[in-house]
There are 2 protein chains.
Amino acid sequence: MTLVLHDGLEHATLDAICESAGVSNRTFFNYFDSKEDAILGLTDSEITDDSVAEIMAAYPAADVVELTVRLMIGVINPSITSSKLLKSRMKIVKLHPHLLGRFALQIQRMHDQLTTAIRPMLAAAPGFADQSPEESELSADVILSLCSGAARAAVKEWTTTGNKAPIEAVEDRAIELVRNTVKRLK
Amino acid sequence: MTLVLHDGLEHATLDAICESAGVSNRTFFNYFDSKEDAILGLTDSEITDDSVAEIMAAYPAADVVELTVRLMIGVINPSITSSKLLKSRMKIVKLHPHLLGRFALQIQRMHDQLTTAIRPMLAAAPGFADQSPEESELSADVILSLCSGAARAAVKEWTTTGNKAPIEAVEDRAIELVRNTVKRLK
DNA sequence: TTGCATGAGTGCAAAGTTGCAATTGCGTAG
DNA sequence: CTACGCAATTGCAACTTTGCACTCATGCAA
């Protein structure tokens, strides 16, 4: 963060970062998938059956959309909330908005995991129970895309307008964006 | 395509491709943004006011979703329909499904263009006319994500199940996916 | 004919990324 | 004490991608 804020995103080279951190180039990539991921603090978190169960327990009344959004934000949550670095991170993101795209990629990375995660819930959902497996998979893809768009928009709004509310508010905001848009689309 | 089909996606190096094509490495990147884009035949197409007007003239009754989907498919249309290479391309995509993600990136690349393109239509749409500019931008982001997900799903379905129908069917299918999902989400 | 602007193509160097093989340190079974 | 396995780290080479500077052919104006 220091190097990036001091030298700019492009001029802070990996070699400089690694030397400053006292590790080798190769070790860096053992912990982060890319330079940008490291800046955002994104690590390879996994969506397990446990995490799904946890969310479902915490929000018993959640439907597919709510569950999906909370899982997604849960994935990028640690990278946003990690306290001290927060302000620097927001400063950098404001300077380089394209970093926000990384959140979408992070989610795309676990697209498959999310597909299987929401599949059983989708099969049981009121509006989707009658679908064939093929149709259900297509629906899952579309819903995932819808939710990730809302999540990205919510995070973007949160980082660009200063963070008045805690992270839960971003979750709720993203869910609201989905609901709102669906309703307006009739 | 020949090299990729013969050596595999990873073993067909840029150097080999460039030598086979009789151009330099650097020239390659003057025409394609990446190796994968070249395989899919994706070039830097632009969404102009003209192309928007054209679609609107062709489909006078189209709403925001329909317009957006047709614009998106229009962007990746040439890379799908270009005749001869079609079968090879589908074979490769079936072997490396992650290439489909490139379509989403291609659309993300012109996210801003699409935002401004659908903005006026969104402001006039029945369900969205009352929104503030900020809310409208958020809605646009969510709708773009929703449509790109449906477009990608439709293309995926089209390439994996053999291409019975022409490209227009993919557009219609993607629109149907959006409508269907929105309706089921209530 | 000369000079110049333009655009396409190229070479080169630097940076990010990844697979593979080798090394190191450490705890544990024999 | 030794040998072994395991995980973290590293070096190295190959590959993709990008910015910059250079050449060269073409065409056009003076």
Ranked by accessible surface with a 1.4 Å probe, highest first, in what order do B:Thr161, B:Thr27, A:Thr159, A:Thr116 come? A:Thr116, B:Thr161, B:Thr27, A:Thr159
State the percentage of accessible surface on the stretch A:27-181 attributable to carbon and sulfur atoms; use a 1.4 Å probe and exclude ligands, DNA and RNA. 57 percent
Between A:Glu134 and B:Glu135, how many nm apart are label points set 7 Å from Cα along the C-beta direction? 4.1 nm
Can you bin the stretch B:1-41 into rounded, prolate or oblate? Criterion: square roots of the alpha carbon gyration tensor eigenvalues sorted a ≥ b ≥ c, rounded for a/c under 1.5, prolate for a/b above b/c, oblate for the rest. oblate
What is the interface area between chains A and B, defined as buried accessible area summed over both chains with a 1.4 Å probe, reported in Å² to the nearest 100? 2600 Å²
Given labels modelled 7 Å from the Cα in the Cβ direction, how far is it in nm from B:Ala21 to A:Lys91? 4.3 nm
Counting only C-alpha contacts under 8 Å and six or more residues apart, can you give the relative contact order of the stretch B:42-184 as a whole percent? 30 percent
Distribution of pairwise C-alpha distances over chain B, 10 Å bins, in %: 8, 34, 32, 18, 7, 1
Averaged over B:134-142, number of beta-carbon atoms from partner chains that fall within 10 Å: 6
Protein chains only, probe 1.4 Å: how do A:Thr68, A:Thr160 rank by accessible area, largest first? A:Thr160, A:Thr68
Quick shape check on the protein assembly as shown: root eigenvalues a ≥ b ≥ c of the Cα gyration tensor, a/c under 1.5 is rounded, otherwise prolate if a/b tops b/c, else oblate, and it reads rounded
Taking a probe of 1.4 Å and leaving out DNA, RNA and ligands, chain A shows per residue an accessible area in Å² of 51 Å²
Highest-fluctuation residue, B:Ala153, B:Ala53, B:Ala21 considered, GNM on chain B with Cα pairs under 10 Å: B:Ala21
Answer in debye to the nearest 20: the dipole magnitude of the protein assembly as shown about its Cα centre, from +1 Lys/Arg and -1 Asp/Glu charges placed on Cβ, is 200 debye
In whole percent, what relative contact order does the stretch A:1-110 give with Cα contacts below 8 Å and a gap of six or more residues? 29 percent
Here FRET efficiency (C-beta to C-beta, B:Lys84 to A:His98, R₀ 45 Å, nearest 0.05) is 0.80
Among A:89-97, A:37-45, how do they line up from the highest to the lowest mean number of other beta-carbon atoms within 10 Å? A:37-45, A:89-97
Could you work out how far apart the two model spin labels at B:Lys186 and B:Thr160 are, taking each label as a point 7 Å from the Cα in the direction of the beta carbon, and quote it in nm? 2.9 nm
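The values are calculated or read from the model by the stated rules, or taken from the named source; none is laboratory data. Keep in mind it's a predicted model, so treat the numbers as computed, not measured. Methodologically, a virtual Cβ is constructed for each residue, glycine included, from the backbone with ideal geometry; neighbour enumeration extends over all protein chains shown. Keep in mind that these areas ignore ligands, DNA and RNA; they rest on the heavy atoms of the full protein, side chains included. Shrake-Rupley method; radii C 1.70, N 1.55, O 1.52, S 1.80 Å.
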